[in-house]
Amino acid sequence: MPAEIMIMKLRKKTALITAFLFLCSANIFAGNDETYDKLKLMIEIMELIDIEYIYTTDPKDLATGAIEGVVAKLDPFSQYIGKEVYKEQEDENKGVYTGVGVVVAFRDNSTIVTSPIPGTCAYKAGILPKDRIIKINDKSVIDVDEDKLLTLLRGKAGEKIKITILRSNVSGEIEFNLIKEKIKIETVIATLLDGGIAYIRITSFNAQSVGDIKKTLVNYKKRGMRALILDLRNNSGGVLDSALNTINMFIKDKMLVFTIKGRDGEIKEECFTAGDGEFSDIPLVILVNECSASVSEMISGAMQDFRRALIIGNNTFGKGSVQKVIPLSGGAGLRLTVARYYLPSGRGIDCSNCENAKGGITPDIEVNVTAEEKARLYEQWKEIIFTEDKNRKLTTARKDKVEDNVFNQALKIIKEGKVAEMIKSSTALNNVQIVERSRTDKNKK
């Protein structure tokens, strides 16, 4: 073997051994012989790959793969975030990023579309909630980690991408040829219907959402708003502060609304409403479905616990875990599950650890909607959002129009003045004891 190659390999080996010794010196591994042996085995494998593997490898890529593998063993929502994706996700939380325009969730080694972002190329092309992404640019993404997949879905404006999906009510694969674009995420879509019934659809919760909701409600109140339908269907969640500030608008007392518990049930934080409640007297109906996740579940669940809103639709996704994004050296980040949310009643919503057997939020009124109806309903939203009618009337002239029975049920109950009555008679919380603790009670403890 040439001397230069031997020196190169020796340097790589030395770097790996140094990294190994550093890890083993950390307190977390002190006294743990089994962990030490596993780390030693990992280094041995990396050295063998470096020397014997048929293809040339980069030790940095192997190290990154090892890091991703460690995090992937934790839970579906913890994630090592590469430098580029970390920057893009920061932009996304601010309401702008570059990509195709889909929000995805990772479950059972699959990538599920929870919500195409209205107005984006993915939305216009016809990608729907619950579509399962199986290929990108003709390469399988089954079992591909979240960081890599998000890197593929995002990127520079103008880049072409082919996405292949499976859809539950369609046989065979469906392909979409898209062009990545700069996306401004407008999360609030609203209209004031006849009779002073406001309709607000929220697609996700970013830093701008609460301000847009508040502005819309203030405007509609001046115009005679007497009831509100809040549509959180296909809302994948977002920023925790947005959830708390949205609830503040509808609760007039200073009450405990979320408890955040960490390892072994330790209470890490308690979140209270501010007691503003500018719209606390308005009849409220919230629409949800199986793609309503995280923050949207927290809002609907808290409102249900307080008997403040009537929840209509289908059982929600069931994501009640808390992820903390921790900046790492070199510009990367670590999204780590550090706790779980609990509602005012003390119930959890996370599928993996909650009292509700189904996980998520069970609506007060469940309305069955077939997969085909859901797909066609989502397609009809194109006509609502992109109509030239500035009022965005909830009508369509399509011959194959599907009735939105969830929305129609909400509208009917509001028009009959039965929102409070239906909340009172709901059996969804039969076995739940609400613990209404105020901020004052907390200070007394």
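The values are calculated or read from the model by the stated rules, or taken from the named source; none is laboratory data. No experiment lies behind these values; they were computed from the predicted model shown. When we count neighbours, we look across all protein chains shown, and the Cβ atoms used for this are built from the backbone with ideal geometry, even at glycine. For the accessible areas, the whole protein counts, side chains as well, though only heavy atoms, and no ligand, DNA or RNA atoms are used. Shrake-Rupley method; radii C 1.70, N 1.55, O 1.52, S 1.80 Å.
Data table
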item	result
Net lengthening on full extension, Lys162/Lys148 (0.36 nm per residue, minus Cα-Cα)	3.5 nm
Size of charge dipole - the range 232-278 - debye, nearest 20, with Cβ of Lys, Arg +1 and Asp, Glu -1, no other charges	180
Heavy-atom accessible area order for Cys351, Cys121, largest first, 1.4 Å probe	Cys351, Cys121
Rule-of-thumb Rg ratio for the range 205-248 [Cα; 2.2 N^0.38 Å; N residues]	1.22
Heavy-atom accessible area ranking, 1.4 Å probe, most first, across Asp138, Asp264, Asp404, Asp212	Asp264, Asp138, Asp212, Asp404
Calculated log₁₀ intensity ratio I(q)/I(0) where the Debye formula runs over C-alpha points of the range 202-359, q = 0.12, 0.14, 0.18 Å⁻¹	-0.52, -0.69, -1.12
Expected-Rg normalisation [2.2 N^0.38 Å, Cα atoms] applied to the range 89-211	1.13
Distance between modelled label sites at Leu41 and Arg107, nm, 7 Å Cα→Cβ extension	3.3
FRET efficiency estimate (nearest 0.05) - Cβ-Cβ, Asp194 to Glu278, R0 25 angstrom	0.55
Chain lengthening between Ser171 and Lys87 when straightened (0.36 nm per residue, less Cα-Cα)	26.5 nm
In Å², nearest 10: area of Tyr36 left accessible to a 1.4 Å probe	100
Cut-off 12 Å between beta-carbons: net charge of the residues surrounding Ile161, Lys and Arg +1, Asp and Glu -1	+3
Cross-link pairs Lys124/Lys261; Lys180/Lys412; Lys40/Lys162; Lys221/Lys324; Lys214/Lys412; Lys40/Lys160 - those with Cα-Cα distance over 32 Å	Lys124/Lys261; Lys180/Lys412; Lys40/Lys162; Lys221/Lys324; Lys40/Lys160
Sites Lys401 and Glu270, calculated FRET efficiency, Cβ-Cβ separation with R0 45 Å, nearest 0.05	0.45
